[in-house]
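Reviewing the structure listed below.
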């Protein structure tokens with residue numbers, strides 16, 4: 001069991017690394033599982049305190065869902081929440097996933 005916030009952040013980072021490795025191996029479904037596990041450790045404040053980590057987990061998961069052929073899941077992976085919280089530069093990456101996953 002995770003006992004403090006630093007351990008949760010470390011867990012998120014570990015899940016992100018595992019997700020990226022799986023994605024690089026074209027194991028998109030597995031990558032989505034790792035990234036979802038990392039996202040589950042996040043809380044609302046992480047958009048302010050751990051922006052890069054939070055954004056990366058969310059965007060990578062949306063991409064993996066798209067690459068797995070789960071277009072609905074890709075769009076539903078909080079794209080609107082990501083866009084609302086993302087910087088202007090990062091919003092472009094979110095819109096790219098969103099547009100690609102729209103039939």
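Okay, here's what the table says:
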{"item": "Candidate set from the range 35-80 (those that are modelled with pLDDT of 90 or more and outside any helix (DSSP H, G or I)); member that is nearest to residue 23 (Cα to Cα)", "result": "41"}
{"item": "Selected residue [within 27 Å of residue 5 (Cβ to Cβ), assigned to a helix (DSSP H, G or I) and modelled with pLDDT under 90] from 83, 99", "result": "83"}
{"item": "Flag for residue 10 being modelled with pLDDT of 90 or more and touching a helix residue (DSSP H, G or I) at 6+ places or on another chain (Cβ under 9 Å)", "result": "no"}
{"item": "Counted residues, the range 25-42 - those being free of Cβ contacts under 8 Å to residues at least 12 places away in the same chain and over 15 Å from residue 62 (Cα atoms)", "result": "1"}
{"item": "Matching residues, the range 7-34, being assigned to a loop (DSSP other than H, G, I, E, B) and crowded, with 16+ Cβ neighbours inside 10 Å", "result": "27"}
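The values are calculated or read from the model by the stated rules, or taken from the named source; none is laboratory data. Note that the structure is a prediction, hence the values are computed from the model and not measured. So basically every Cβ, Gly included, is an ideal-geometry build from the backbone, and we count neighbours across all protein chains shown.
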